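The values are calculated or read from the model by the stated rules, or taken from the named source; none is laboratory data. Please read these numbers as outputs of a predicted model, since none were measured by experiment. In this analysis, Cβ positions are derived from the backbone assuming ideal geometry, glycine residues included, and neighbour counts consider all displayed protein chains.
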Amino acid sequence: MNIVIDAMGGDNAPEEIIKGCVEAAKHIDAEITLVGNEEVIKEYLKKFAYTGSNITIHNASEVITNDDTPTKAIKSKKDSSMVVGLNIIKEGKGDVFISAGNTGALMAGALFLVDRIKGVDRPALAPVLPSYHGPVLLVDGGSNANCKPENLLQFAIMGSIYMKTTLGIENPRVGLVNIGTEEMKGNELTKQTFTLLQQPGLNFIGNIEGRDIPMGLVDVAVCDGFVGNIILKVMEGMGETVSKLLKDEINRSLMSKFGGMLLIPAFRKFKKKLDYTEYGGALYLGIERAVIKCHGSSNAKAIMNAVKQAEAFVRNKTVEKIRENLVEFGGDDIDSGK
């Protein structure tokens, strides 16, 4: 198994990317290929005292930045770490590609270079969110701002397959994110999608509201990428805000500091549940090869977990199972919602 990493993509690249890979290399059996400036990568591997044998380097002379126009960058920067990495998995020399770089460019590259699974109209980002009752898969997390009902049906199908094959949830509960739980609530998109989701094979429980996601009332939360990205960013912000508020209150007096010391183990568990770095990255559902998007500000811990997550995706044959199991939900007819 070969896990390919964009060493130059992300706010904290290349240092945190490489550091995370060095840590991950200690815990996995797979080979890791770091794509980027060979000399720079070598220096960081030396800095982190890497002496193992399962990290290799594939040189790439260019970098796609967050300021680059996505499609233009994919076409013009052919020797960028992102394009080279995507081509490695396209050619079958790698099993999964991970990047914390330009989100739009990664989506464009995955579509143009790697291609989508037959029958999938629009691939979607699928981040795993923490909730009171366990992980919730959000589909779409930000790749398709404007969707048709048929797109949301496909998101629900792919999300269900993902949760069943990767996380072992036998009959994933699917909820449609809306402004109310009643069937006739929402806009035309949600009203039409509600009807499409009521088909055999999907455990559709109906409309859900935003508050139902952190409570874990569903396993798969379906929405367009515009709504999904707002949900994702609000939850990330709330996690950080709650942690800061708790810290401020604990430090407010000597008595609260003493009480806080007694609760340190509980606070650590609480923080871990809300920490996005614990969940690795978001799989781009619907692409022919596994492509994972990490948070732009990912640190070494987030990258390490993304690499371990990627190994699990490949080992569990997540992409292959999505491709195979689409037939159970209507095959090619899912394009039209039939």
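Name the residues in segment 38-58 that are in contact with a strand residue (DSSP E or B) (Cβ under 7 Å, 6 or more places away or on another chain) and not in a helix (DSSP H, G or I), would you? The answer is Asn54, Ile55, Thr56, Ile57, His58. For Lys269, the test of being exposed (fewer than 13 other Cβ atoms within 10 Å of the Cβ), at pLDDT 85 or above and in a helix (DSSP H, G or I) is failed. Residue by residue through segment 59-72, note down the ones that are part of a helix (DSSP H, G or I) and either without any contact (Cβ under 8 Å) to a residue 24 or more places away in the chain or surrounded by 24 or more Cβ atoms within 10 Å (Cβ to Cβ) (or both). Lys72, the sole residue that qualifies. Out of all the residues in segment 99-112, is one or more surrounded by fewer than 24 Cβ atoms within 10 Å (Cβ to Cβ), modelled with pLDDT under 95 and among the polar types (S, T, N, Q)? Within segment 99-112, one or more residues are surrounded by fewer than 24 Cβ atoms within 10 Å (Cβ to Cβ), modelled with pLDDT under 95 and among the polar types (S, T, N, Q).
Only one of the numbered conditions (1) crowded, with 24+ Cβ neighbours inside 10 Å; (2) part of a loop (DSSP other than H, G, I, E, B); (3) assigned by TED's automatic domain parsing to the domain that holds Leu202 is violated by Gly94, and that is (3). So, in segment 291-313, of the ones that are at pLDDT below 90 and part of a helix (DSSP H, G or I), which residue ends up surrounded by the most Cβ atoms within 10 Å (Cβ to Cβ)? Filtering first and then ranking leaves Gln309.
In segment 1-37, of all residues being in a strand (DSSP E or B) and among the charged types (D, E, K, R), the one that is nearest to the chain's Cα centre (by Cα) corresponds to Asp6. Quick check, is His133 more than 16 Å from the chain's Cα centre (by Cα) and farther than 30 Å from Val222 by Cα? Against the criterion (more than 16 Å from the chain's Cα centre (by Cα) and farther than 30 Å from Val222 by Cα), His133 does not qualify. If you filter segment 242-261 down to residues that are part of a helix (DSSP H, G or I) and more than 35 Å from the chain's Cα centre (by Cα), you find that the one that is surrounded by the most Cβ atoms within 10 Å (Cβ to Cβ) is Ser256.
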